[in-house]
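Report on one structure; see the data block that follows.
The values are calculated or read from the model by the stated rules, or taken from the named source; none is laboratory data. In this text, all values refer to a predicted model and were calculated from it rather than measured experimentally. So basically every Cβ, Gly included, is an ideal-geometry build from the backbone, and we count neighbours across all protein chains shown. Ligands, DNA and RNA are stripped out before the accessible areas are found, and what is left, the full protein with its side chains, is counted by its heavy atoms. Shrake-Rupley method; radii C 1.70, N 1.55, O 1.52, S 1.80 Å.
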Amino acid sequence: MPRLKINVAGLELSNPTVLASGILGDEASLLRRAAYSGFGAVTTKSFTIEPRKGYKTPIVAKVKAGLINAVGLTNPGYIAIKDIVKNAKVPGVPIVVSLAGSSVDEFHRMAVYADEAGADAVELNLSCPHVKKMGMEIGHDPIYVAKIVGDIKGSITKPLFIKIGLSDNYMDVVGRALDKGADGVTAINTVRGIAIDVYAKRPILSNIYGGLSGPAIHPIATRIIYEIYAEYRASIIGTGGVEDWRDAVEFILAGASAIGIGTSITIRGLGIAKEVVEGIKRYMDNEGFKKLEDMIGYVHKT
Ligand SMILES: Cc1cc2nc3c(=O)[nH]c(=O)nc-3n(C[C@H](O)[C@H](O)[C@H](O)COP(=O)(O)O)c2cc1C
């Protein structure tokens, strides 16, 4: 589908759909299955320096318009990246390796390792809303984010993405990261929330707080994509509540070059990538768009 090919910050995708981080865990076989099911790229679970068991169950709660999860960054530690990348590789489907460090040095070590292990891109998780000393606790600080990005940028050869979430100053964070050489932005991660069991009369998740994902966050993600594109014309992987081609097209018109899909896979299965791609294609035919690039950020022209 040449019309749907897209270069996102140096990452060549055969179509704009990207498996979002964490949805299928860290098993190479599942990433490979996602790649064969039609995703243009797949993202790994976020890796940390040390292995993490994650939180006690319950770790996921269904809420009205999505999910609240606090998995706790369960992963086998960054040394596993090499095997996972090797075993998950499918020709023509880039692998984005997601990393969650708690310091400049941790991010640096993992990014260099992932780069050498064959990752096609590195994504810094600066936005997980429910793990202490990581994610959003680091990612809300523009100066610190600039330090992390600046430190990694000259040391790896692959495109570097920062993954942001909803915070008061995400525009500043993105601006400084781009200044320091970040190639692209993944927006957004889950949004901190709580679900309460009214009969047990306590929070459902063992961690109390979790990250809200799914349709509930789609308009928030659209706003953030819109603002980042308006200000910086950055390459954006728009993520948050994409359930069908219309949601994906909204992101593209707002400024996204690619579309991350997560929660809806848990409801609709991996076939959603092909459905979204087919839908985008039909939309392009009907609306007279010859190639995807022509659609990116179109609302800013009108
Ligand atoms: C169960 C679950 C686990 C997740 N794990 C990660 C993770 O390890 N790293 C990360 O950057 N994002 C993680 N996310 C966030 C997703 O990648 C995505 O940004 C978010 O869910 C919004 O997209 P969606 O509404 O399509 O799910 C996770 C989301 C869910 C639901």
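Tyr226 versus (1) within 14 Å of the ligand (Cβ to nearest atom); (2) touching a residue at least 60 places away in the same chain (Cβ under 8 Å): which is the lone unmet condition? It fails just one condition, (1).
Output the residues belonging to the range 30-40 that are farther than 17 Å from Ala117 by Cα and either buried (at least 24 other Cβ atoms within 10 Å of the Cβ) or touching a residue at least 12 places away in the same chain (Cβ under 8 Å) (or both). Step through it out loud before you land on a result.
First, the residues of the range 30-40 that are farther than 17 Å from Ala117 by Cα: 30, 33-40.
Of everything in the range 30-40, those that are farther than 17 Å from Ala117 by Cα and either buried (at least 24 other Cβ atoms within 10 Å of the Cβ) or touching a residue at least 12 places away in the same chain (Cβ under 8 Å) (or both) turn out to be Arg33, Ala34, Ala35, Tyr36, Ser37, Gly38, Phe39, Gly40.
Kindly establish whether Met136 is over 18 Å from Ile217 (Cβ atoms) and buried (at least 17 other Cβ atoms within 10 Å of the Cβ). So that I can check it myself, show each step before the final result.
On the way: over 18 Å from Ile217 (Cβ atoms): no; buried (at least 17 other Cβ atoms within 10 Å of the Cβ): yes.
In short, no.
For the range 180-202, the tally of residues that are open to solvent by 80 Å² or more (accessible area, probe 1.4 Å) and of a type outside the set (Val, Ile, Thr) stands at 5. Please find, among Ile267, Ile261, Ile236, the residue that is within 12 Å of the ligand (Cβ to nearest atom) and open to solvent by less than 10 Å² (accessible area, probe 1.4 Å). From the options Ile267, Ile261, Ile236, the qualifying one is Ile261.
Of all residues in the range 32-49, those being within 13 Å of the ligand (Cβ to nearest atom) and under 10 Å from Ala88 (Cα atoms) number 3. Close contacts from the range 86-105, counting a first residue that is more than 14 Å from Val122 (Cβ to Cβ) and in a loop (DSSP other than H, G, I, E, B) and a second that is of a type in the set (Lys, Arg) and within 16 Å of the ligand (Cβ to nearest atom), with Cβ to Cβ under 8 Å and a gap of 6+ residues or different chains, come to Ser102/Lys133. Of the residues that sit in the range 143-172 and are closer than 16 Å to Ser127 by Cβ and touching a His at 6+ places or on another chain (Cβ under 7 Å), which one is surrounded by the fewest Cβ atoms within 10 Å (Cβ to Cβ)? Here the answer is Asn169.
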